[in-house]
Amino acid sequence: TLTIRKFSRDPYTMNDLITFGSLTPKAAQFLAACVKGKLNILISGGTGTGKTTTLNAMSAFIPGEERIVTIEDAAELQLQQEHVITLESRPSNIEGQGEIRIRELVRNALRMRPDRIIVGEVRGAETLDMLQAMNTGHEGSLTTIHANSPRDALSRLETLVLTAGIELPLRAIREQVSSAFDLLVQITRLVDGSRKISHITEVLRMESETVTMQDIFVSKPPDEEQAAEGRTHRLLMPLQCTGLKPHFQEKMAANGVVLQPSFFASDDDAPAVGVGYNGSQFKGAFQ
């Protein structure tokens, strides 16, 4: 069986995702600030939801002077920065030799002095190595995972770590996950074929035996009042800021990104401005 995944010659930008209705300008400003502020970000979604497209668009905000190592099963990312090293796994030959696994590439990437590590998708034992890298000073890493909700994404991370063959208590795995990731972006494909970011969620800390989270932006189905206003054609309303302030603002500030105090106080969206692959920022979103 031959599967062909054909991507656009010109990668989709954050402005394109706004135009498609995948997210709001304010949410895009927030994600741009999070990438610039070197948060570790997990993008979650089902098959065909646009995880790689979103990862590519968010990666555009990585400063051009940083050294980026990308690791993929099949090269799909289209980063436009100058200092990008692309690593690609390789299956074994007909004699069962020559295989190069994602896990080996993650380990080798740590020796390349990367400023950021981007793994196209975690789906096996390499998840443990990725978590260890994030917990040992490799900030600003990004990856994707197949899951249908933010909570499912964390549960799937736990399952993938267990495939590494190392006996670890479940609590230890959850502590690794909670300390490694700062932000989770959940993407949903609706029945009409549209793809929307439904949750932008902060990963907090361990409480008892559970990793706690809080939604910073969330998209909900229209309620009765909105339906009465003729919005029944919308399966999900646009992303709305919940008013909760993320705890990782200090980490972002340490990396030179300061969100305005009033940013989370209003759901009014700022107008979208140009976003390019030269590290340019949304104006007015952060200092």
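Read-outs throughout are calculated quantities, based only on the coordinates presented, and are distinct from any laboratory measurement. Just so we're clear, the structure is a prediction, and the values are computed from it rather than from any experiment. FYI the Cβ positions are ideal-geometry reconstructions off the backbone, even for glycines, and counts take in every protein chain you see.
A few points about this structure:
- M112 paired with T3, simple spin-label distance in nm, labels 7 Å along Cα-to-beta-carbon: 2.4
- Value of [θ]222 nm, deg cm²/dmol, for the chain, DSSP H segments ≥ 4, -39500 (n - 2.57) each, nearest 500: -7500 deg cm²/dmol
- Note on Rg/Rh (Cα atoms, Kirkwood Rh): of the candidates [x] 1.01; [y] 0.96; [z] 1.12, the value calculated from this structure sits at [y].
- Of G96, G137, A125, farthest towards positive along the dipole that unit charges on Lys, Arg, Asp, Glu beta carbons give region 86-175: G137
- Flagged links, alpha-carbon separation over 22 Å, of K26/K220; K36/K220; K6/K26: K36/K220; K6/K26
- Within region 1-133, percent of DSSP bridges classed antiparallel, to nearest 5: 10
- Of the residues L105, L235, L162, the one that moves most in a GNM of the chain with alpha-carbon contacts below 10 Å is L235.
- Of all DSSP beta bridges confined to region 20-252, the antiparallel ones make up roughly 45%.
- Note on N135 and S92: with the Förster distance fixed at 30 Å, the Cβ-Cβ geometry gives a FRET efficiency of about 0.45.
- Between T242 and D192, the FRET efficiency from the beta-carbon distance, with R0 = 22 Å, is close to 0.30.
- Annotation note: GluC sites (Glu not before Pro) in region 146-190 located in DSSP loop regions with a Cβ neighbour count of at most 16 within 10 Å are E167.
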